[in-house]
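This report refers to the structure that appears directly beneath it.
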């Protein structure tokens, strides 16, 4: 048995990794996948497995919107709809599923709440030192702004159309505004933080479960760890012949939870009490640590 | 990864424990030194300078609590001296916290913290470097204590408010420990350091306190100064991250234990040169941050 499996195992493993198939789901099928699948792999090669395993993933995660009743109308679904920032939060992925009538190209926009953003402007002072020289204020800028499409936006419509729909960085900071000169720097900063992005290849067409003429595409938005809590709004646009229009939207709530929420609430609303608690915890932890190690240290002497 | 609620970002928990461990190791090995590396290294991990400094003060409370307790029981704290310093420390800490708040409003807090660090690390680093270099060459530590008294001591004796400190067996103007405490308090607020690396030499060489009460007294003063700084930072600047402080503590306690053991075996002066080089390297990195054209001409303000 073992020698028979050996030559095909690396190939299968590579294929699994490439499409991120949860191996746990496959193990469920036990014997079938352990023997038939690798053998099939060896015969058919990677290209055949890709779509196969994608359906395997879809079957494993029924949570990814697949309500049959809604499949018939265009619209946007997102999973999960609730992101909690707990102590182990390190960012999150939002899987979107867009359904459009045939012939429309999909674009999905993720937008966080608008806020007044004040940035420090650095400049050289006293000839050598880089320090803050002033502020640049952006009124009403979304804290997160990500766009995904299947093809480059420029191929879908002209800049005017995109800007009117709010599908460009230019639409965020209009050229007339006083801080327009800093738009490029702002975008660079936000993109590096993972908060802003425009990904032309983010959406890919997925196997449609439907019997009708809707085209389904999916994509994954990545929220960085420093995503601020709030309501994120996702909107689906469809483009055809240089024109675009909205086809539905979805909401995602980002909230602090558990210890993170407790600490944050205490620190922001009862700051003095929080300070005292922080000190008490520190003293207790310090004495405890000292006690543990002192016991050992004395024993060693 | 651990999400830090006040810093508003997530950092690898292993990295934090490792960082605490390295700093604790250095502290354990040299007694003082190492604490002042914590804030700059945290800043390099992407934690805002103000949060790093404030949480570090919180961590120092924890780290000095057990030592302080031990010294209290061993009666090796000059409480009178410590109290005078503490008055200064409380004042300095409170001042420092307000200063940070003002600087933050001006948008210069990060710049100020970095600049103060460059100066302090540069001074401490080069002092340590040359001291251990001369020690390695076999000249020992003689020069320092012989050179100082002439000018400094005469000035010190001329000051008013002379007080008796029975436990340290010295008579000295209360202004010196008071001002020293104030300086350390300001530094604790701005840099998040205990200030032991300034306080201990001054207590030994300028105040001429007996060695056995120096460490206890400085720990006593540092701990209570940092208690004050922690509460003030939490109240006014909302920059204390207690989770960050605790993770660092775990690392530093373990590191300190290893450091103490390693310090007994290794030749201190050789290690000290390495520490000095490390301090100077961190200083250089921070200095470059001030001198080189930043990759971004805009920056987030940090905090809220």
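Each value in this text was obtained by applying a stated rule to the coordinates, not by laboratory testing. These figures come from a predicted structure and were not determined experimentally. FYI the Cβ positions are ideal-geometry reconstructions off the backbone, even for glycines, and counts take in every protein chain you see.
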| task | Could you calculate the FRET efficiency of residue B:12 with residue B:162 from 1/(1 + (r/R0)^6), where r is the beta carbon distance between them and R0 is 41 Å, rounded to 0.05? | result | 0.15
| request: Please give, to one decimal in nm, the separation of the simple spin-label points placed at residue B:205 and residue A:116, each 7 Å out from Cα toward the Cβ. | output: 5.2 nm
| message | Just want the ordering: B:272, B:285, from fewest to most Cβ atoms lying within 10 Å of their own Cβ. | response | B:285, B:272
| query | Each label point is 7 Å from the Cα along the Cα-to-Cβ direction; what then is the distance between the points at residue A:273 and residue B:175, in nm? | reply | 4.5 nm
| remark: If R0 = 35 Å, then residue B:290 and residue B:74, at their Cβ-Cβ distance, give a FRET efficiency to the nearest 0.05 of 0.20
| request: Could you check the simple spin-label distance between residue A:125 and residue A:288, using points 7 Å along Cα→Cβ, in nm with one decimal? | output: 4.4 nm
| message | Test of understanding: ordering A:289, A:276, B:226, B:68 by Cβ neighbours within 10 Å, fewest first, what list do you get? | response | A:276, A:289, B:68, B:226
| note | Nearest 10, in degrees from 0 to 90: the angle of helix B:175-191 to the longest Cα principal axis of chain B is 20 degrees
| How much of the calculated P(r) for the range A:163-246 lies past 23 Å, in percent of all Cα pairs? | 39 percent
| said: So for each of A:78-88, B:86-96 I average, over its residues, the number of other beta carbons within 10 Å; can you give me the resulting order with the highest mean first? | reply: B:86-96, A:78-88
| message | How shielded is B:205-215 by partner chains, expressed as the average number of their Cβ atoms within 10 Å of its Cβ atoms? | response | 0
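If R₀ is 22 angstrom, what is the calculated FRET efficiency for the pair residue A:160 and residue A:251, using the beta carbon separation as r and rounding to 0.05?
For R0 = 22 Å, the calculated efficiency reads 0.15.
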| remark: Ordered by fewest other Cβ atoms within 10 Å, a rough proxy for footprinting exposure, B:102, A:187 read B:102, A:187
| request: Using only atoms on other chains, find how many Cβ atoms lie within 10 Å of each Cβ of peptide B:237-244 and report the average. | output: 5
| Label point 7 Å beyond Cα of residue B:262 along Cβ direction - residues of the range B:107-140 with amide nitrogen under 16 Å | none
| note | With -39,500 (n - 2.57) per DSSP H segment of 4 or more residues and division by the full residue count of chain B, the 222 nm estimate, nearest 500 deg cm²/dmol, is -24500 deg cm²/dmol
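Translational diffusion coefficient, Stokes-Einstein: compute it for the range B:1-98 using the Kirkwood radius over C-alpha pairs as Rh, at 37 °C and 0.692 mPa s, and state it as an integer in µm² s⁻¹. Walk me through the intermediate numbers first.
On the way: Rh = 15.3 Å.
Estimated diffusion coefficient is 215 µm²/s.
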| message | For a quick size check, give me the Cα extents of chain B along its three principal axes, largest first, whole Å. | response | 52, 41, 40
| Along the Cα-to-C-beta direction of residue A:135, a point sits 7 Å from the Cα; which residues of the range B:89-120 have their amide N less than 14 Å from that point? | B:102-109
